[in-house]
Amino acid sequence: MKRNLLIYEVRLGLVLLVLMAVLTIISPSFLSLTNLSNVIWSVCFIGILSSGAIYPIITGGIDLSLGSLAALSGILVDMFMNRFGINWVVAIVLTVLIGALIGLFNGFIVAKIRVPAFVVTMAAKTYLYGVALVVSNGAMLAILKPKAFIAIGTGRLFNLPNPIYIMLVMVVLSQFLLKQTAFGRKVIAVGANEVAAKLSGIDPDSIRLLSYTLSGATTAIGGVVLASLTQQVFAAAASDIELNVLTALVIGGASLLGGKGSVVGGLLGAMIVAFITNGLNLMNVPAPYHPIVTGSVIILALLMNEGYLVPKKRKKVLGHHQAAA
Amino acid sequence: METEGKSDILLECRKIVKSYNGPIVLEDVNFSVKRGEIHSLVGENGAGKSTLVKIITGAIERNSGDILFKGQALPLQYSRKYAENLGIAVIYQELSLIPGMTVAQNIFLSREPLYPHTRIINKRKMNAMAQELIDRYQFPLKPSDIIDNISIAQRQLVEILKALSGNASLMIMDEPTSSLTRTEVEMLFKIIHTLKSEGISVLYISHRMEEVYALSDRVTVLRDGKLVSVLEKEQINPAEIIRLMIGHKLEENAVYHNLPKIEGRKPVLEVEGLTSVGKFTDISFTLHEGEVLGIGGLVGSGRTELVRALYGIDPYNKGIIRYLGKPWVPSVHASIRSGIGFIPEERRIQGILAPLTIKRNISITNFDRIAPRGVIKNKQEKQLAIDGIRLVNVKPPDPEVVVGNLSGGNQQKVGLAKWLVRSLKLIFIDEPTVGIDVGTKEEIYGHIRTLAEQGVSVILVSSDLPELTRLSDRVLILRKGRIIKEFKECVLTSEKILRAASGILEEYDEA
Amino acid sequence: MSSHVVRWLVLLAIMIVLSLLIALVNPLFLSTGNLMKMLQEASQTGIVAVGFTLVMITAGIDMSIGAIIAVTSMVSINFISYTKLPVAVFVPITLLVGMIAGAFNGFFITRFKLPEFIVTLGTKSILSGLALVIAVKDSMGFVQNVYIQNESYLWFGSQTFGGIYRTTIAFVILGVATQLFLKNTRTGSYIYASGANPNAAKLSGINTERIVFGVYIFSGLCSSIAAIFISSRMMTAMPELGLGQEMDVIASVVLGGTAFSGGSGDIWGTMIGAVFLALIKNGILKLGISPWIQPIVIGGIIVVTVIIDVWQKKISDRLAAKAKLKKLAKASAQSAA
């Protein structure tokens, strides 16, 4: 699997380069700094969220509450800082902790009570949105201070926006956690074959609990960075971002049945989707057509993952879907 | 009333051949069932019984050979529905009923009586028809019972009615009594005789000799994919059947064991009165250092349940276990940490992580070695994989190959390797060589023997009798959850084991 | 069977109690006008939920229902704005569009065995974009709010004697017809079988793929029916219409007792669930509680209901296992004797 996935990520990178080349030909302004910085932000945000959201997916579940939780996190951090006057560092830590707790709560219902993950997290998406409305009073709040906080999202280091660094750090850490630690291996094992994992001494329940907790924590971080960058928070921020994250991860090689996935692949997938949307913008394709394209992209990605459009892949991996059959 | 020879044969199979890209599973098998006859099909695991049945019911295609049903030749390939329409019905252990629906609905699924010229089900008529069938056979059922709420025995009856409502003339039953109580088994026998009196033939497949003996008009014995014998009623006796099932060639597999080497060794596992309600009862034994303890018995006798409880996967109700002399409450985590390993049956479903590489499969039980503080040490992991591969001789010897792509034998070797790289004191092995080629089987036997020589204790569960006799120092026979015999003989033969497992007492021994 | 009826009775009881409590605070709640309005809203969600129930019975899910509502209402608006075709002509065409959308879902799900959840999310994207594309726009390209004046179209969303909305009548008719269909026809039992035990169903000769395909088409049809009634009553339609309905629909179906695992479910439950949900939403408004509580309540209802269902099943499974063990223990004691 490791070798397969590595080749997969390289192939994905090539697709990305080809895509960039095509877009540059179609519209030379593609490579301009102004254009790229438009794209970079959405890639960063999705990258940050993907770094945690991949864990529930690898265990065979899913986390659909990403958007609402991110929005809520922004609202909370603003509330802590500007309504309660808490130090911004403490506020961020508190917010991330709350995100982790919410993830833990979801994970508990999924792992211990055995409710299907998409129901649990879809319901969470709804009620967290409501909570966000209540806490923010339905208003769109502007964040004007503290300056240090705003610098997180808007500041630059070596002429690159901070969020890029944050995203890269999180992606690298998450990829490391997934591929180079016992925990990561256990997550993959639980997704690949829960029974065999259990017989090998792994506790699937606690692995799942931790996965959803991680997802909640990274989503909160993403929400905080979003709030800092856009300098505004409102309940409907990042709504439905889950679909983008899912698309990115699926293109990046994740299987919705679990057992497979790559954070770096997810990042590449996010870039591919972002560039496609950007390309549509540059080609002056009207906004309504964009979701049509992204929707088709995800169906295409699913088809490819199942081996329908790439004849070689079909024969290769006798994945656990077939083993379980 | 006897009519002339040919017309009383309901099903005739001639020279049936089936092979799966190489291994021949059925070789020139001739098989026939007469009208209104109870015919049993017996043979060891792997003899070809279920393949033959699948061919008859249309679930799989035969390579060559003729099948005639009611005198009509059947095509090489046909669907189960086609067979059903002809009158061939089969009742498997995993019943194919629809939960949430009633008895009547299940009986008439896809054949419900409709109001004329509409697609609306005439429920009253359906329930009445169901009631009619129930009354005719006097089954303890109501048409409105919901499948989820009735017992397994009752569900089996529903399956029978389903077959009868489709006008089955051949009813195939595959191990129908495995989940039934004694009373329910008696009831089933009565029903089978009723069917026979109505001219319906029953093809009965079972491991249980006493049932075969009690029911059958004729018995067909298969061995290694070939027809061995067809016994007529007077010739049927359990000991004879077993002898035919096993054959004479296995006298070579009688092994002489040196008992004294076991005596005086330290006990590794002491089990007293272990009971898990519904699974096994009052199991007691002592396992010594370096001993291979075989556990034999028919399918469903509780062997797997026992080792799972000992390893710590499933709980048990009563009993005491001592490991290395100290009181022991098993849990998977504690077992692994304390030098105990486990190779489950159903290697593909339980034993391996198919989408992952050999390296990752071997690491999975060894995080304490390659990731003592949580972070994987790549060099160590690779070395461990190489060591493991070398220990069991996996082909191809490449740690990055996906296990799902390996042959069955090599997959099992990987499953073994992840334990062999640890310092084990005890390992449970459940059906290690199912579906594995002869060469690899011998390799695995070698590893098991080597383990024992190194002082590791092995508990081996197996339905492969030569395997059991060759490897074990001692053999315990389980039957219906209890230990009924312990073989410490110097000469263990497959025949003795199977006889004991089938509950055949000394009175049937040949003079 | 009876456990479902108990559930519905409990829901009805809660509804009655809640109604009385709310009426104490705000007597307007029980006014005929409000009740009719509440039923109308329940019906809008309920019509979609009927189709969704069938999808769930086959153990599937359809996240594109809101987008189908959006796109089909845009189709209607286009017909109204640009053609003089009579209602009797363009309404069936609109319904056909909904069915085609459902067929799109069904195709990818059955032919390629793709996971229902993601496929329908993809369709949702595609169709919501499509809705914007075909939306009627003014000369500057902005989406126009078309006011419907077509009398025969407005008939759908209008009220009849007693103040009952025609939407409610349609809901009742659709619900009853679907329930009767499910319980009394072969295809109905095939739908249950395909969800409860697809392998056994196939062995009995049922074409489970065709069943699932058909179920998604039906779901699309229900969504488009709802779209007509909704846009008719509102006398307009925007391309965002229906987006967000998914949670209301899921809540209704879950309340009614249909399980995600498939093989069970009654339209009666869905209907009661839809009314229950509408009551809660309306009650929140009439009590003067902030409307922001609504998503919390709906999400909370879904989670709590599913948890209760899982617990209930665990308990009944445990009781059944205990009974079985008792029987086995008795039997093994007999055989040992």
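Tabulated data for the structure shown
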{"item": "Ranked B:V221, C:V50, B:V230, criterion: other C-beta atoms within 10 Å, fewest first", "result": "B:V230, B:V221, C:V50"}
{"item": "10 Å Cβ neighbours from other chains, averaged over peptide C:287-295", "result": "5"}
{"item": "For segment A:25-36, Karplus couplings with θ = phi - 60° (6.51, -1.76, 1.60), whole Hz, Gly/Pro x", "result": "5, 5, 9, x, 6, 4, 7, 5, 4, 4, 5, 4"}
{"item": "Cross-link reach list, lysines versus B:K496, counting only Cα pairs under 28 Å and skipping chain neighbours closer than eight places", "result": "B:K49, B:K226, B:K233, B:K249, B:K261, B:K279, B:K441, B:K480, B:K485, B:K488"}
{"item": "Global form of chain A, assessed from the alpha-carbon gyration tensor, a/c cut-off 1.5", "result": "oblate"}
{"item": "Chain C: calculated mean residue ellipticity at 222 nm from DSSP helix runs of at least 4, using -39500 (n - 2.57)", "result": "-26000 deg cm²/dmol"}
{"item": "Residues C:S204, B:S462, C:S64, B:S50 arranged by fewest to most Cβ contacts within 10 Å", "result": "B:S50, C:S204, B:S462, C:S64"}
{"item": "Contact order normalised by residue count of chain B, Cα under 8 Å, 6+ apart, percent", "result": "15"}
{"item": "Note, ³J(HN,Hα) from phi for segment A:127-138, Karplus 6.51, -1.76, 1.60, rounded to Hz, x at Gly and Pro", "result": "6, 5, 4, x, 4, 4, 4, 5, 5, 8, 6, x"}
{"item": "Kyte-Doolittle mean at least -1.0, axial Cα span of 20 Å or more - DSSP H helices of chain C", "result": "C:2-25, C:32-57, C:65-82, C:87-111, C:116-134, C:166-184, C:208-234, C:267-286, C:293-336"}
{"item": "For C:132-139, mean number of other protein chain Cβ atoms within 10 Å", "result": "2"}
{"item": "Debye, to nearest 20: dipole size of segment B:7-142, +1 on Lys, Arg Cβ, -1 on Asp, Glu Cβ", "result": "540"}
{"item": "Residues with amide H under 5 Å from that of A:Q232, placed H, sequence gap 5 or more", "result": "A:I143"}
{"item": "Cβ neighbours within 10 Å from other chains - mean over C:302-308", "result": "5"}
{"item": "Highest-first arrangement of A:153-163, A:178-188, where packing means the average Cβ count within 10 Å", "result": "A:178-188, A:153-163"}
{"item": "Residues B:V90, B:V103, C:V48, A:V90, sorted so that the one with the fewest Cβ neighbours within 10 Å comes first", "result": "A:V90, B:V90, B:V103, C:V48"}
{"item": "Residue-span extension gain [C:E209 to C:V304] - 0.36 nm each, minus C-alpha spacing", "result": "30.9 nm"}
{"item": "Inter-probe distance in nm under a simple model that places probes 7 Å from Cα toward Cβ, at B:E486 and A:V89", "result": "6.9"}
{"item": "Residues whose placed amide H lies under 5 Å from that of B:S229, excluding near-sequence neighbours", "result": "B:V221"}
{"item": "Peptides B:349-361, A:37-49 ordered by average Cβ neighbours within 10 Å, highest first", "result": "B:349-361, A:37-49"}
{"item": "In sequence order, calculated HN-Hα J values of segment A:193-209 (Karplus, 6.51, -1.76, 1.60; Hz; x Gly/Pro)", "result": "6, 4, 4, 4, 4, 4, 5, 9, x, 9, 9, x, 4, 5, 4, 5, 3"}
{"item": "Global geometry of segment C:2-289, whether rounded, prolate or oblate, following the gyration tensor of its Cα atoms and the 1.5 cut on a/c", "result": "oblate"}
{"item": "Acute angle (nearest 10 degrees) that the helix B:123-137 long axis makes with the longest principal axis of chain B, alpha-carbon atoms", "result": "80"}
{"item": "Partners for B:K377 among aspartates and glutamates (Cα-Cα distance below 18 Å; same-chain residues under 8 apart left out)", "result": "B:D368, B:D387, B:E400"}
{"item": "Anisotropy class of segment A:187-317 from Cα gyration tensor, a/c 1.5 cut", "result": "oblate"}
{"item": "Among the listed pairs B:K81/C:K313; A:K125/C:K281; B:K190/C:K330; B:K70/B:K162; B:K125/C:K326, those beyond 26 Å (Cα-Cα)", "result": "B:K81/C:K313; B:K125/C:K326"}
{"item": "Nearby aspartates and glutamates by direct alpha-carbon distance to B:K266 (threshold 13 angstrom, same-chain neighbours under 8 apart not counted)", "result": "B:E289, B:E291"}
{"item": "Sequence-distant residues sharing a close amide H with C:A237 (under 5 Å, placed H)", "result": "C:V146"}
{"item": "Burial order of peptide ranges B:407-415, B:311-319, C:310-318 (average beta-carbon count within 10 Å, highest first)", "result": "B:407-415, B:311-319, C:310-318"}
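Any read-out appearing in this document is the output of simple, stated calculations on the displayed coordinates, not a laboratory observation. The shown structure was predicted, so the numbers you read here are calculated from the model rather than taken from an experiment. All Cβ positions, glycine included, derive from the backbone under ideal geometry; neighbour counts span all protein chains shown.
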